[in-house]
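For reference, the structure is listed below as structure tokens.
The values are calculated or read from the model by the stated rules, or taken from the named source; none is laboratory data. Since we're looking at a predicted model, the values are computed, not measured. Don't worry about glycine lacking a Cβ; one is built from the backbone with ideal geometry, like all the others, and counts go over all protein chains shown.
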Amino acid sequence: MNKTKSFDIPKQLIWRAYKQVSKNRGAAGVDGVSITKFEENLKDNLYKLWNRMSSGSYFPEPVKAVAIPKDMGGGQRILCVPSVFDRIGQTAAAMYLEPLVEPKFHEDSYGYRPNKSALDAVDTVRKRCWRYDWTIDLDISGFFDNLDHELVLRAIKKHTDCKWVILYVERWMEAPIQQADGRRVARDKGVPQGGSVSPIISNIFMHHVIDIWMKKNYPTVPFERYVDDAIVHCRTEKQTGFMKVMIEERLAEYRLKLHPKKTQIVYCKDDNRRDEFPKQSFDFLGYTFRPRLARNKIGKHFVSFLPAISNKAKKKITTTIRSWKMLRNTHITLEEISGKVNPIVRGWYQYYGKFYR
């Protein structure tokens, strides 16, 4: 270790983190410094960040609050935009943590992980709904806003004793939020959505709260988790009631709770499941699962429990298309329009058309 520094942080790690942030670009934080402006004095800026992080004198800027539509439709969420300096620092911490925790994560944890995707989660839910009659659609109330800082750090310490990672994760979590009107709101709990390190922090926390707890105590009860969204599969209605109570109690130990209206028990009704139950559909990652007419290989129709694009996702697509205002863009060519529109439409098709091509 460099004796003049408190922490041994490789310069190469900061460089790799910068390359990742540069590739993703992104908006400027509260300091107004964009990636482009940061790169005008790249060498000095990277050295400044490395030097401060290595000496322990690095303190993050407040994060900028920006309201954006939710990914899969349905309202807005507050995205917290860190400065470029902070994004690079957070990315370095995430790069340090990933090889330590990734091999230990549960196979049915899908959110923000290499070689896993939202569609993988949807596909697994689809297949398990054919095998299990009942599901619990779990929704944690204000997950990111209510994460307890002490409990998050305790979970991280189960995987590393790296002092700089632990110190700076704590400082990033405590960084205030700057509102659009300039007000700064202090934070004593919660992990900001939008930070480079937030996804891996959230996965580490939920790995200990839900994933390994389920695996140890209820190994025959399968589930899929995408960060804070989860589906649990059960054999009977009685089992769903029991599991819902057990999960509620487990979350309460970690100062979280299920949303009383959004968390629901669902009967996966199809041609072979003839019972009646008030709730026979649920939404997950932009898809609505419900009984739908299907056709087998010989052309015979039957009712199966299947996913398709949700109404919330449809509304978001409609809003996006209207925002293009194509009829007013008479000054641009068809080629320019297609260059803008085609990648977006192709993305919709690839995501929502996955199971119907």
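For Glu102, the conditions (1) assigned to a loop (DSSP other than H, G, I, E, B); (2) within 18 Å of the chain's Cα centre (by Cα) are fulfilled apart from (1). For segment 38-62, a residue qualifies if it is among the aromatic types (Phe, Trp, Tyr) and either surrounded by 18 or more Cβ atoms within 10 Å (Cβ to Cβ) or modelled with pLDDT under 95 (or both), and the qualifying residues are Phe38, Trp50, Tyr58.
Of all residues in segment 88-133, those satisfying the criterion of being out of contact with any Phe, Trp or Tyr (no Cβ under 8 Å at 6 or more places or on another chain), charged (D, E, K, R) and either outside the structural domain of Glu276 (by TED's automatic domain parsing) or farther than 23 Å from Arg16 by Cβ (or both) are Glu107, Lys127, Arg128, Arg131.
Which ones in segment 269-291 are of a type in the set (Asp, Glu) and either assigned to a loop (DSSP other than H, G, I, E, B) or surrounded by fewer than 14 Cβ atoms within 10 Å (Cβ to Cβ) (or both)? Result: Asp271, Asp275, Glu276. Here Phe302 fulfils each of the conditions (1) within 30 Å of Asp271 (Cα to Cα); (2) surrounded by 13 or more Cβ atoms within 10 Å (Cβ to Cβ); (3) of a type in the set (Phe, Trp, Tyr) apart from (2).
Residue count for segment 131-155 satisfying the condition of being closer than 30 Å to Thr236 by Cα and surrounded by 14 or more Cβ atoms within 10 Å (Cβ to Cβ): 11. Could you tell me whether any residue of segment 316-338 is surrounded by 15 or more Cβ atoms within 10 Å (Cβ to Cβ) and either over 28 Å from Asp229 (Cα atoms) or in contact with a Ser or Thr (Cβ under 7 Å, 6 or more places away or on another chain) (or both)? For segment 316-338, residues surrounded by 15 or more Cβ atoms within 10 Å (Cβ to Cβ) and either over 28 Å from Asp229 (Cα atoms) or in contact with a Ser or Thr (Cβ under 7 Å, 6 or more places away or on another chain) (or both): absent. Looking only at segment 242-267, filter to residues that are part of a helix (DSSP H, G or I) and closer than 21 Å to Ile204 by Cα; which one of those is nearest to the chain's Cα centre (by Cα)? Ranking the qualifying residues of segment 242-267, first place goes to Leu251. Please go through segment 156-174 and pick out each residue that is assigned to a helix (DSSP H, G or I) and surrounded by fewer than 19 Cβ atoms within 10 Å (Cβ to Cβ). Once the filter is applied, which keeps residues that are assigned to a helix (DSSP H, G or I) and surrounded by fewer than 19 Cβ atoms within 10 Å (Cβ to Cβ), segment 156-174 yields Lys157, Lys163, Ile166, Leu167, Glu170, Arg171, Glu174. When Ala65 is tested against the conditions (1) at pLDDT below 95; (2) over 22 Å from the mean Cα position of the chain (by Cα); (3) among the aliphatic types (A, V, I, L, M), the lone failure is (2).
One residue stands out among those in segment 197-231 that are in a helix (DSSP H, G or I) and basic (Lys, Arg): the one that is surrounded by the most Cβ atoms within 10 Å (Cβ to Cβ), which is Lys215.
The combined condition, being over 28 Å from Tyr287 (Cβ atoms), without any contact (Cβ under 8 Å) to a residue 40 or more places away in the chain and either of a type in the set (D, E, K, R) or assigned by TED's automatic domain parsing to the domain that holds Phe59 (or both), is fulfilled by Ile166.
Residues that are of a type in the set (Asp, Glu) and assigned to a loop (DSSP other than H, G, I, E, B) within segment 105-140 comprise Glu107, Asp108, Asp133, listed in sequence order. Name the single residue, out of those in segment 279-304 being over 24 Å from Asp120 (Cα atoms) and either in contact with a Phe, Trp or Tyr (Cβ under 9 Å, 6 or more places away or on another chain) or among the hydrophobic types (A, V, I, L, M, F, W, C) (or both), that is modelled with the highest pLDDT. This residue is Lys279. Taking (1) part of a helix (DSSP H, G or I); (2) under 22 Å from the mean Cα position of the chain (by Cα); (3) crowded, with 18+ Cβ neighbours inside 10 Å in turn, Ser22 satisfies each apart from (3). Each residue in segment 27-60 was checked for being more than 20 Å from Pro176 (Cβ to Cβ) and either of a type in the set (Val, Ile, Thr) or not in a helix (DSSP H, G or I) (or both), and 5 of them qualify. Residues that are more than 18 Å from Lys354 (Cα to Cα) and assigned to a strand (DSSP E or B) within segment 292-304 comprise His301, Phe302, Val303, listed in sequence order.
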